[in-house]
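Peer 1: Before I ask anything, let me first share the structure, which is written out below as C-alpha cells.
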Amino acid sequence: MDALDRVVKPKTKRAKRFLEKREPKLSENIKNAMLIKGGNASSTVTQVLRDVYALKKPYGVLYKKKNITRPFEDQTSLEFFSKKSDCSLFMFGSHNKKRPNNLVIGRMYDYHVLDMIEVGIEKFVSLKDIKNSKCPEGTKPMLIFAGDDFDVTEDYRRLKSLLIDFFRGPTVSNVRLAGLEYVLHFTALNGKIYFRSYKLLLKKSGCRTPRIELEEMGPSLDLVLRRTHLASDDLYKLSMKMPKALKPKKKKNVSHDTFGTTYGRIHMQKQDLSKLQTRKMKGLKKRPAERKAEDQEKKSKRIKKD
C-alpha cells in the first residue's frame with residue numbers, strides 16, 4: 001500500500017484542519033495547478049512554466065527540480081505529485097529531438113489522470129520581453145475563444161474545456177468593473193492555437209461607460225496540437241456530475257428564456273363576466289326608454305313560464 005493511500009488519523013488540531021481541508025465538499029476548493037519540468041527541458045520551456053506560474057499565483061505550485069517522467073507512458077508520478085500537493089491540474093514541460101519545446105496540459109479526477117493534451121511551442125514571447133505594466137497577483141482573467149475549431153473538432157473542444165479549467169480562477173458572485181484587469185485570448189486558426197495576454201485599460205469616454213483599450217502584457221505563445229489522451233464519454237460524464245444538494249429545485253409553472261427573463265404561469269377559475277365590476281361612468285348608463293324595454297321583456301318571460 002502506498003504511504004499516501006493509508007488512512008491517517010490526525011494527532012494534532014493542525015493536522016485535523018489540514019485533512020478536513022482535503023475532504024470532499026459540496027462546493028469544492030479552488031483548483032490548484034502544478035507545473036513540472038521534465039528530465040530534458042529547454043530554456044524556452046522553463047520560461048513558459050515560470051510565466052504560466054506567474055499568471056496562476058497563488059493557485060499554483062512550481063517544481064523547480066527536473067523530474068524524469070513521460071506522462072503518456074507512465075502517469076504514476078503525476079498522480080503521486082497530485083496527491084502530495086493537492087492539485088487537480090498540471091502542466092508538464094519537456095524538450096527532445098522528436099518533440100521540441102513540448103507542453104502537456106492535463107487535469108485529474110480523484111487523483112487519476114482524466115485527460116491531457118500535448119502541444120508544441122513554435123513561437124514564444126516572455127513576460128520580461130514585453131516592457132509594460134503587469135496585473136497584480138491573483139487577478140481573475142477574462143477568457144475569450146475565437147475560431148470554429150473550438151466548437152467543431154472534439155480535440156479542440158476538450159482543449160477549450162481544459163484551458164477554461166486551468167485559467168478560470170476562483171468563482172465569484174459579483175463582478176466590479178475596475179476588477180476586469182486582463183484578458184486571455186485563444187485563437188484556433190489553420191491548425192494552430194494563438195495564446196495572447198492583454199491588460200485592460202479603462203479610458204475616459206465622456207459618458208458613464210469607459211472606453212476600453214487593450215495593451216499586450218505577455219506571455220505570447222504560438223502552439224500546435226500534438227498527441228491527446230482523452231477520457232471516455234462515461235468517465236467524463238461522471239467527472240461532471242453535480243451533487244443532488246447543489247441541483248436547483250424545479251419550480252412549477254416557472255420558465256426562463258435564453259436571455260434569463262423569468263416567466264410565470266397562473267391557473268385561475270373560469271370567471272363570470274356578467275358579475276365583473278366595471279368602472280361607473282355616465283356614458284355607460286342606460287336611458288329610461290331602454291330600462292322600460294328591458295323590464296317589459298322580463299315580465300313577458302315570466303308570464304310565458306307561468
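Peer 1: Read phi for every residue in the stretch 87-101 and hand back ³J(HN,Hα) as whole Hz from Karplus 6.51 cos²θ - 1.76 cosθ + 1.60, θ = phi - 60°, with x for Gly and Pro.
Peer 2: In residue order, the calculated couplings are 10, 9, 10, 8, 9, 10, x, 8, 8, 8, 5, 6, 10, x, 6 Hz.
Peer 1: Please give the contour-minus-distance gain from LYS97 to VAL172: 0.36 nm per residue of separation, less the Cα-Cα distance, rounded to one decimal in nm.
Peer 2: Details: separation 75, 0.36 × 75 = 27.00 nm, distance 4.37 nm.
The LYS97-VAL172 span can extend by a further 22.6 nm.
Peer 1: Restricting to the chain, what percent of DSSP beta bridges are antiparallel, rounded to 5? Mind dumping the intermediate values first?
Peer 2: On the way: 43 of 59 bridges.
The answer is about 75 percent antiparallel.
Peer 1: For the stretch 28-238, what does the accessible surface come to per residue with a 1.4 Å probe? Please give it in Å². Show your work: numbers first, answer last.
Peer 2: On the way: 11410 Å² over 211 residues.
Computed with neighbouring chains in place, this is 54 Å² per residue.
Peer 1: Defining a contact as two alpha carbons under 8 Å apart and six or more residues distant in sequence, what relative contact order in percent does the chain show?
Peer 2: Working: 438 pairs, mean separation 44.7, N = 306.
Relative CO of the chain lands at 15 percent.
Peer 1: Across the stretch 225-241, in residue order, what do the Karplus-derived ³J(HN,Hα) couplings come to in whole Hz, using 6.51 cos²θ - 1.76 cosθ + 1.60 with θ = phi - 60° and x for Gly and Pro?
Peer 2: 6, 10, 7, 9, 9, 9, 6, 5, 4, 5, 5, 5, 5, 5, 5, 8, 5
Peer 1: Specify which labelled value, from (1) 112, 58, 42; (2) 52, 45, 34; (3) 86, 43, 35, agrees with Cα extents along the principal axes in Å derived from the coordinates of the model shown.
Peer 2: So the calculated entry is the one marked (1).
Peer 1: Sequence neighbours fewer than 8 away in the same chain don't count; with that in mind, list the lysines whose C-alpha is under 25 Å from LYS299.
Peer 2: Excluding near neighbours in sequence, the set is LYS275, LYS285, LYS286.
Peer 1: Okay, moving on. Which of HIS112, HIS229, HIS267 moves the most in a Gaussian network model of the chain with Cα springs under 10 Å?
Peer 2: HIS267
Peer 1: Another one. Once phi is turned into ³J(HN,Hα) by the Karplus curve 6.51 cos²θ - 1.76 cosθ + 1.60 with θ = phi - 60°, what whole-Hz value does each residue of the stretch 262-279 show in order, with x for glycine and proline?
Peer 2: Calculated HN-Hα couplings, in order: 8, 10, x, 10, 10, 9, 10, 6, 5, 8, 8, 6, 5, 9, 5, 7, 10, 6 Hz.
Peer 1: What is the set of long-range amide H partners of ARG226 at a cut-off below 5 Å, with H atoms built 1.01 Å from backbone N?
Peer 2: Those lying under 5 Å, H to H, from ARG226 are GLU118, VAL119, GLY120.
Peer 1: So, by mean Cβ neighbours within 10 angstrom, what's the order for 170-177, 76-83, 127-134 with the highest one leading? Walk me through the numbers before you get to the answer.
Peer 2: Numbers: 170-177: 7.6, 76-83: 17.8, 127-134: 12.1.
Averaged packing, sorted descending, gives the order 76-83, 127-134, 170-177.
Peer 1: To the nearest 20 debye, what is the magnitude of the charge dipole of the chain about its Cα centre, counting +1 on the Cβ of each Lys and Arg and -1 on the Cβ of each Asp and Glu? Please list the in-between numbers first.
Peer 2: Numbers: 69 positive and 36 negative charges, 571 e Å.
It works out to roughly 2740 debye.
Peer 1: LEU114's amide H: which non-local residues (gap 5+, or another chain) put their own amide H closer than 5 Å, with H modeled 1.01 Å from N in plane and none for Pro or chain starts?
Peer 2: ARG107, MET108, TYR109
Peer 1: Sequence-distant or interchain residues sharing an amide H contact under 5 Å with TYR182, placed H: which?
Peer 2: Hits under the 5 Å cutoff: MET142, LEU200.
Peer 1: Of ASN132, VAL113, PHE81, which is farthest towards the positive pole of the stretch 28-238's charge dipole, taken about the Cα centre with +1 and -1 on the beta-carbons of Lys, Arg and Asp, Glu respectively?
Peer 2: Of the listed residues, the answer is ASN132.
Peer 1: If packing is taken as the mean number of other Cβ atoms within 10 Å per residue, what is the order of 251-260, 158-167, 145-154, highest first? Can you show the working numbers first?
Peer 2: On the way: 251-260: 7.8, 158-167: 18.5, 145-154: 14.2.
Those peptides, ordered most packed to least, come out 158-167, 145-154, 251-260.
Peer 1: Using a basic spin-label model with each label point 7 Å from the Cα along Cα→Cβ, how many nm lie between THR153 and ASP272?
Peer 2: The answer from the label model is 7.2 nm.
The values are calculated or read from the model by the stated rules, or taken from the named source; none is laboratory data. Only a predicted model underlies this, so the values are computations on that prediction, with no experimental measurement involved. So basically every Cβ, Gly included, is an ideal-geometry build from the backbone, and we count neighbours across all protein chains shown. Remember, those area values only see protein heavy atoms, side chains included, never the ligands or the DNA or RNA. Shrake-Rupley method; radii C 1.70, N 1.55, O 1.52, S 1.80 Å.
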